[in-house]
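The values are calculated or read from the model by the stated rules, or taken from the named source; none is laboratory data. These numbers were taken from a predicted model, which means no experiment stands behind them. Here the Cβ positions follow ideal geometry from the backbone for every residue, glycine too, while neighbour counts run over all protein chains shown. Protein only, heavy atoms only, side chains kept; ligands, DNA and RNA dropped before computing areas. Shrake-Rupley method; radii C 1.70, N 1.55, O 1.52, S 1.80 Å.
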Amino acid sequence: MDIKNYLENYQKNILQTFINAINNKRISHAYLLSGENGMPLKESAIFFAKSLLCEHPNPLACSSCETCRKIDDGSYYDLLVLDGEDSKIKKGDIDKIESQFDKTALNNKGIMVYIINLVENMMPAAVNSLLKFLEEPGENVFAFLTTENESKVLPTILSRTQILHFKIVKKELIINDAINEGVNLEDALILSNFYSNPSQIKLISESNDYILIKKTISELLEALDEGMQEAMYFTSKNIDPVFKSNKQVKLFLKMLSTIFKDMLSYKLKQPILVKSFENIYTNLVSKLPNIDKNVMLIMSMMTKLDYNVNTSLLFDHLIYSICEEC
């Protein structure tokens with residue numbers, strides 16, 4: 001993903017703010033990148049960190065030196081990344097940062113950087129440890145935090161960071177730019193609901209996970225058309241054992257909610273996004289009388305992922321609940 005291109009095209013003010021800070025040697029010890037779900041906040045944070053650590057910045061990261069290459073493949077010692085999208089961030093994770101950053105940086109600049117993606121997904125003890133670390137940052141230690149829900153971030157964290165607000169980009173622009181990058185219309189329409197970076201949409205649309213999830217949802221709808229027994233059997237054989245990681249499950253549920261919203265549009269005789277699913281929509285709308293409730297059910301399942309639920313039980317409960325409406 002060309003994150004620099006994204007920032008130049010869609011987040012010029014944020015990029016210029018950071019460039020000015022570099023040029024004026026006024027880098028904040030902690031930044032909070034705040035934006036909506038689907039924005040490349042983590043990728044932007046890594047790019048900004050890379051710009052501080054790069055061997056040949058101009059003033060941003062060159063993305064070709066040894067340091068930049070190591071950061072890209074996740075093997076750079078002086079950069080630590082904690083990802084709240086994968087699981088809840090615990091106190092031990094913050095302690096690991098403090099422990100490592102007590103040591104001397106290995107790079108010639110003496111700079112150490114840590115990134116915490118989705119700080120709203122931190123356990124209370126981890127938040128307390130982070131606050132202490134933010135209050136007394138070591139010299140040449142910099143932090144990039146991200147959030148998709150600023151209202152869930154403690155005021156004490158907000159007050160100790162410079163907040164960079166990512167602006168909302170019109171979906172129509174994202175879709176058109178994604179199509180110009182080679183994404184087909186249907187995939188651009190689907191993925192623009194979750195991502196606001198055309199390059200990221202292209203990358204996801206070509207990924208094995210996306211291709212498999214789209215195929216699986218199509219087959220699941222056909223199984224739902226056959227009834228509860230077939231749908232539950234399909235889930236146990238083709239969903240429970242396949243989609244295990246949080247990222248896979250989240251993408252599956254996001255896409256499933258989009259398809260059910262699309263089915264609701266079809267039922268209400270409104271334009272639909274996924275033309276290739278139109279025939280199965282025709283069969284299902286009469287068998288699923290409460291599609292709007294199904295959408296809410298799927299979305300509620302997504303919130304449960306933050307609590308490390310058993311995904312097999314989650315899928316089984318979801319499909320059973322949908323089938324009960326049949």
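For the pair Asn13 and Tyr307, how long in nm is the line joining their label points, each one 7 Å along Cα→Cβ? The modelled label-to-label distance comes out at 3.8 nm. Each of Gln229, Met255, Ser245 was placed along the dipole of segment 201-260 (beta-carbon charges, centred on the mean Cα), and the one lying farthest toward the positive end is Ser245.
Calculated accessible area for the chain comes out at 49 Å² per residue, all protein chains present (probe 1.4 Å; ligands, DNA, RNA ignored). Modelled spin labels at Asn279 and Leu154, positioned 7 Å past Cα toward Cβ, are 5.6 nm from each other. Measuring spread by the Cα atoms of segment 205-326 yields a radius of gyration and Dmax of 13.5, 38 Å.
Of all stretches in the chain that contain no GluC sites (Glu not before Pro) in a DSSP loop with at most 12 other Cβ atoms within 10 Å, the longest one is 1-138. Residues whose amide H lies under 5 Å from that of Phe142, counting only those 5 or more places away or on a different chain, are Met112, Val113, Tyr114; hydrogens are built 1.01 Å from N in the peptide plane. Give the angle, between 0 and 90 degrees and rounded to the nearest 10, that separates the Cα long axis of helix 124-135 from the longest principal axis of the Cα atoms of the chain. So the helix axis and the longest Cα principal axis differ by about 30 degrees. On a 0 to 90 degree scale, rounded to 10, what angle separates helix 228-238 from the longest Cα axis of the chain? Value to nearest ten degrees: 40. Surface composition of segment 241-317: carbon plus sulfur atoms contribute 57% of the solvent-accessible area (1.4 Å probe, protein chains only, all chains present). Among Phe133, Phe48, the sequence by solvent-accessible area, most first, with a 1.4 Å probe is Phe133, Phe48. Remark on Leu164: its backbone amide H falls under 5 Å from those of Leu32, Leu33, Ser34, a criterion applied only to residues 5 or more positions apart or on other chains, H modelled at 1.01 Å from N.
For segment 165-211, which whole-number percentage of the solvent-accessible area (1.4 Å probe, protein heavy atoms only) is attributable to carbon and sulfur atoms? About 54 percent, which is the carbon plus sulfur part of the accessible surface. The loop-placed chymotrypsin sites (Phe, Trp or Tyr not before Pro) in segment 54-116, going by DSSP, that have at most 12 neighbouring Cβ atoms within 10 Å of their Cβ come out as Tyr77.
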